[in-house]
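Encoded as structure tokens, the structure appears first; notes follow it.
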Amino acid sequence: MKSNWPLWEVFIRSRQGLNHKHVGSLHAADADMAIENARDVYTRRMEGVSIWVVESKDITASNPDKQDELFDPAEDKVYRHPTFYDLPDEIKHM
Amino acid sequence: MTTASLEAKFQEKVDQEVKIEPRDWMPDAYRKTLVRQISQHAHSEIIGMLPEGNWITRAPSLRRKLGLLAKVQDEAGHGLYLYSACETLGVEREDLFEQLNEGTAKYSSIFNYPTLTWADIGSIGWLVDGAAIMNQVPLCRCSYGPYARAMVRVCKEESFHQRQGFEILLTLSKGTDEQKAMLQESVNRWWWPSLMMFGPNDAESPNSAKSMKWKIKRFTNDDLRQKFVDVCYEQAKLLNVTLPDPDLKWNEERGHFDFGPIDWSEFWDVVKGNGPCNSQRLAARNKAHAEGEWVREAAIAFAEKNKQRNIAKAS
Ligand SMILES: [Fe+2]
Ligand SMILES: [Fe+2]
């Protein structure tokens, strides 16, 4: 009989002040076990101070084939960047 | 888009060193090559625990035992990083386990050799992990994102493996005559199989070119093997051991060490299942898997029960 534990995605905050970052996945029967396994698999050398786990099936991802359409609205908006605006050289810090 | 134009777009990305991510379009053959390579790699990490696990209870000191335990635990971790990378290509971990347990999947032949003496634990760290590092460092730049990221983690951890092995051998090299003899005898047995870890000669490795084009591979088998021989030569001198190859000598013209021919009939024999420990390794793996079955089932039942309980509590 196959007793396949569900797949979980693991996110780790490597130290206070940083975001949780995706590090990989693992199998576990439930969330508590996923946290414990994540500790053993992904933080054997103090790589983290906090762990998030989420079942892989609960993640909704954007479609890579639609990448162009999805990100197109931001592509031609250079005026959202500071370098778009001309200032006199005398101004050093702005 | 036609397959040809998708393929051209894919190759363009690879050529520009843009990583391929799981849900991106990729040629079937690229996916298949990766599934084979990553799963074999994962299996090697898992089976690789067996020869060393053999010495954990007999390590000569607490310091050595702690080091070896941590190393073997790392190898389990490497297997898990790699299985997880492999699953992003749309395969199920259970199926990969099944292929390993049934003996239809391959793993590195080196783990079909026995660990007869404590010196073998040192030789594995120095030569086997050393060869693995040589192979793995370029894989950190592999075109497939999840594999490359897994390899970055693996490589960070490997250097401790090689250093602990070298330290074991260095200690023996300063020991009694018996210890020195044990060291030499062990290196004699591990040297050639370690060179075989890089795989067949380039001329006999027909898939190499494709893997290079896809940037899964960055160097050929022979290039990596040569690099390995070159670094080992100097390290062997520090251990006062002779590498068991009468043809090993510096070639001024090439700027590399020449070395003798590899006995490929032995290599293929071990690959085909006739190595000294093939059946023992598979039996140990199957036993562990079978004995863990009730744990896997119980954990699922427990998780299910808790879920029902929480639903009942909420309503
Ligand atoms: Fe490893
Ligand atoms: Fe290792």
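Say the cut-off is 22 Å between C-alpha atoms; which of B:Lys19/B:Lys210; A:Lys66/B:Lys217; A:Lys21/A:Lys57 go over it? Long pairs (Cα-Cα over 22 Å): A:Lys66/B:Lys217.
PRE reach from A:Phe84 (point 7 Å along Cα→Cβ): which of segment A:32-74 fall under 11 Å by backbone N? Within reach of a label on A:Phe84, which here means backbone N under 11 Å from a point 7 Å along Cα→Cβ, segment A:32-74 contributes A:74. Note on the protein assembly as shown: Rg/Rh from C-alpha atoms, Kirkwood Rh, equals 1.02.
Between segment A:1-72 and segment B:245-310, what's the alpha-carbon centroid distance in Å? A separation of 27 Å, based on Cα centres. For the residues B:Arg153, B:Arg63, B:Arg296, a GNM of chain B with alpha-carbon springs under 10 Å puts the largest fluctuation on B:Arg296.
The slack in the chain from B:Val295 to B:Gln73, taken as 0.36 nm per residue of separation less the alpha-carbon distance, amounts to 78.0 nm. A Förster radius of 56 Å, combined with the Cβ-Cβ distance separating B:Phe160 from B:Lys305, puts the computed FRET efficiency at roughly 0.85.
Dimensions of segment B:137-217 from C-alpha coordinates, computed as largest minus smallest value along each principal axis and given longest first, are 51, 31, 11 Å. What the phi angles of segment B:295-306 give under the Karplus curve with 6.51, -1.76 and 1.60, with θ = phi - 60°, is a coupling list of 5, 4, 5, 4, 5, 5, 4, 5, 4, 5, 4, 4 Hz, glycine and proline written as x.
By the rule of a C-alpha distance below 24 Å, with chain neighbours fewer than 8 residues away ignored, the lysines paired with B:Lys313 are B:Lys305.
Counting only protein heavy atoms and using a 1.4 Å probe, the accessible area of B:Glu158 comes to about 0 Å². Seen from a random direction on average, the alpha-carbon convex hull of chain B projects onto 21.3 square nanometres.
Keeping all protein chains in place, calculate the accessible area per residue for segment B:25-175 (probe 1.4 angstrom), answer in Å². Averaged over the residues of segment B:25-175, the accessible area is 36 Å².
Entry for segment B:79-128 at q = 0.32 Å⁻¹: log10 I(q)/I(0) = -1.17, Debye formula applied to identical alpha-carbon scatterers, no solvent contribution.
The values are calculated or read from the model by the stated rules, or taken from the named source; none is laboratory data. Owing to the predicted nature of the structure, the values given are computational and were not obtained by experimental measurement. All Cβ positions, glycine included, derive from the backbone under ideal geometry; neighbour counts span all protein chains shown. These accessible areas exclude ligands, DNA and RNA; they are computed on the full protein's heavy atoms, side chains included. Shrake-Rupley method; radii C 1.70, N 1.55, O 1.52, S 1.80 Å.
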